[in-house]
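Please treat every number below as a calculation from the coordinates, not as lab data. Since we're looking at a predicted model, the values are computed, not measured. When we count neighbours, we look across all protein chains shown, and the Cβ atoms used for this are built from the backbone with ideal geometry, even at glycine.
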């Protein structure tokens with residue numbers, strides 16, 4: 001029989017540990033570890049744990065592994081996630097399962113998680129992927145705690161260094177926009193050139209542009225409605241709802257871009273296509289299979305060639321969306337308006353991620369301390 005009384009000892013990592021014994025129904029004792037920032041905190045947690053165990057409030061010992069529980073958690077998530085997002089969840093959870101999957105859920109300690117994260121970093125996994133994996137693991141243990149499968153959350157004490165805050169993507173300067181527009185209009189494939197033009201002129205995500213049907217365009221009102229997205233999943237195209245509920249939106253189209261679209265519509269009608277049937281057709285159909293939009297990779301592939309031909313630095317299709325947002329904000333558009341055009345739920349997202357200062361903005365504002373001592377300027 002184990003000795004009575006609880007003692008706290010200080011670990012090398014600075015935490016205090018208490019290891020009480022818990023008596024199982026078969027009469028045997030099981031020793032567990034409880035941690036705290038101070039000896040008093042560790043002892044208090046240990047006493048609470050023993051009291052809960054004696055009252056039968058702790059979960060029974062289970063052989064369930066993290067991999068088994070995570071599989072159920074993912075299955076429950078599947079019903080609420082877009083297919084592409086679910087695949088991302090599977091991949092991100094898999095990073096940790098490779099190191100912890102075979103461990104019993106109840107036996108996983110904070111040190112195990114810390115070691116797994118360090119191994120992932122040593123293997124070349126980036127900070128963003130590691131943070132995503134830990135976020136999912138926290139959610140898994142929160143559910144296990146709520147279901148009383150575990151009595152504590154070992155992820156609670158895990159901290160990752162905050163990532164360096166930076167603005168994603170880049171924006172084009174006005175002279176680059178002018179050069180790119182000329183190149184897009186001259187591109188031999190109308191579908192590719194115009195889809196990229198929409199990303200730049202309207203701020204669409206590439207998948208939103210490819211998901212447009214002719215019925216989404218209102219030539220009288222000069223607007224288009226974003227109702228779906230055509231994205232890549234496992235090398236194949238997949239039709240999904242837009243990224244977020246706020247992504248469902250109706251937005252104005254600039255006159256020149258609207259004329260590009262109207263001219264194409266009229267040309268298709270002149271070939272004998274029924275306008276009612278045409279409304280259900282894709283604006284940017286695949287040449288190989290018109291029943292589907294262009295391949296999701298086609299825009300990035302073509303844009304690489306276009307910018308190389310014009311002599312611009314490399315850019316991604318998504319950078320055209322960044323450019324749209326930055327240009328509007330530079331012209332004084334309210335952040336709320338720009339957020340609505342982009343389909344963001346909050347203007348803060350727009351300002352944090354999509355706001356890039358143009359060269360003219362950086363150069364326009366200067367401060368000369370001499371102005372403070374020169375005295376008032378004479379009036380004419």
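Sort 161, 191, 92, 208 so the one with the fewest other Cβ atoms within 10 Å of its own Cβ comes first.
Ranking 161, 191, 92, 208 by Cβ neighbours within 10 Å, fewest first, gives 161, 92, 191, 208.
Say R0 is 22 Å: what FRET efficiency, to the nearest 0.05, do residue 12 and residue 47 get from their beta-carbon distance?
0.35
On a full-extension model of 0.36 nm per residue, what is the gain between residue 346 and residue 238, subtracting their alpha-carbon distance, rounded to one decimal in nm?
The span from residue 346 to residue 238 would gain 36.2 nm if fully extended.
Looking at the chain as a GNM with Cα springs under 10 Å, which of 198, 137, 312 has the largest mean-square fluctuation?
312
Using only Cα atoms, find the angle between the long axis of helix 110-122 and the longest principal axis of the chain, and express it within 0 to 90 degrees, rounded to the nearest 10.
40 degrees
Compute the distribution of all C-alpha to C-alpha distances in the range 174-362, in bins of 5 Å from 0, and list the percent of pairs in each, rounded to whole numbers.
For the range 174-362, the binned pair fractions read 1, 8, 16, 21, 21, 17, 10, 4, 1, 0, 0 percent.
Going by alpha carbons, how many degrees (0 to 90, nearest 10) lie between the helix axis of 127-146 and the longest principal axis of the chain?
The helix 127-146 is inclined about 50 degrees to the chain.
Please compute the modelled spin-label separation between residue 19 and residue 268, points set 7 Å along Cα→Cβ, answer in nm with one decimal.
Placing both labels 7 Å beyond Cα along the Cβ direction yields 7.2 nm.
At 0.36 nm per residue, minus the direct Cα-Cα distance, what do residue 153 and residue 256 gain on full extension? Give it in nm, one decimal, please.
Additional length available on full extension: 31.4 nm.
Let me see the pair-distance distribution of the range 66-146: every alpha carbon pair, 10 Å bin width, integer percents in order.
With a bin width of 10 Å, the distribution comes to 18, 54, 26, 2.
What spacing in nm lies between the two simple spin-label points modelled at residue 63 and residue 288, each 7 Å away from Cα in the Cβ direction?
Taking the simple label geometry, residue 63 and residue 288 are separated by 4.9 nm.
I'd like the distance separating the alpha-carbon centroids of the range 277-312 and the range 222-250, in whole Å.
Result: 15 Å between the Cα centres.
Could you work out how far helix 255-270 tilts from the main Cα principal axis of the chain, as a 0 to 90 degree angle to the nearest 10?
Helix 255-270 sits at roughly 80 degrees to that axis.
Per DSSP H run of n ≥ 4, the term is -39500 (n - 2.57); total these for the chain, divide by its residue number, and report the mean residue ellipticity at 222 nm rounded to 500 deg cm²/dmol.
-14500 deg cm²/dmol
Sorted from largest down, give the three principal axis spans of the alpha carbons of the chain, whole angstrom values.
Result for the chain: principal-axis Cα extents of 91, 73, 35 Å.
Which whole-number percentage describes the relative contact order of the range 174-362, with Cα contacts under 8 Å and a sequence gap of 6 or more?
25 percent
For the range 166-240, what percent of Cα pairs sit more than 20 Å apart?
The calculated P(r) of the range 166-240 puts 42 percent of pairs beyond 20 Å.
List the relative contact order of the range 8-54 as a percent without decimals, with contacts defined as Cα pairs under 8 Å and 6+ residues apart.
The value is 34 percent.
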